[in-house]
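What follows is calculated from the coordinates using simple rules that are stated; it is not laboratory data. Please read these numbers as outputs of a predicted model, since none were measured by experiment. Note that we place each Cβ from the backbone using ideal geometry, even for glycine, and neighbour counts take in every protein chain shown.
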Amino acid sequence: MSGLVVKRVYEPAADGDGQRVLVDRLWPRGVKKEDARLDLWLKDIAPSDDLRNWFGHDPERWTEFQKRYRAELKDKDEAVAELRGLMAKGKVTLLFAAHDEQHNNAVALAAYLGEA
């Protein structure tokens, strides 16, 4: 899906990012709101605190994390619909703060959105 990109919030904003959406529940450390150049902070689509803490960005828990996060996303209709609405209008960049660029909620969310 070319209209959906995943990027660390610490990377500089680019003109080609389209709508920039932070999908973390917590604000990223050391990032000023104006520097983030967000169009939307969609906290409600982030994993629950319990799931986030259980996962702890442990790659060995990645498969199970994705399964549990997908189950949570099924109960987040409004947030998912809001994101899909933005995607229907053009490019969307999902922003995350985690150090691990392969095992994080934004990657799992992009996969979830790409399947439907």
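A residue that is crowded, with 18+ Cβ neighbours inside 10 Å, assigned to a helix (DSSP H, G or I) and among the small types (Gly, Ala, Ser) can be found somewhere in segment 99-106. In segment 63-116, the qualifying residues are those that are over 11 Å from the mean Cα position of the chain (by Cα) and touching a residue at least 60 places away in the same chain (Cβ under 8 Å), and the one that is nearest to Val6 (Cα to Cα) is Glu101. For segment 26-60, a residue qualifies if it is out of contact with any helix residue (DSSP H, G or I) (no Cβ under 8 Å at 6 or more places or on another chain), more than 16 Å from Val92 (Cα to Cα) and surrounded by 16 or more Cβ atoms within 10 Å (Cβ to Cβ), but none of them does. When the residues of segment 1-25 are filtered to those that are among the basic types (Lys, Arg) and in contact with a strand residue (DSSP E or B) (Cβ under 6 Å, 6 or more places away or on another chain), the one that is farthest from Leu95 (Cα to Cα) is Arg20.
Before we move on, is Glu11 charged (D, E, K, R), surrounded by fewer than 18 Cβ atoms within 10 Å (Cβ to Cβ) and either touching a Gly at 6+ places or on another chain (Cβ under 7 Å) or part of a loop (DSSP other than H, G, I, E, B) (or both)?
Yes: the conditions hold for Glu11.
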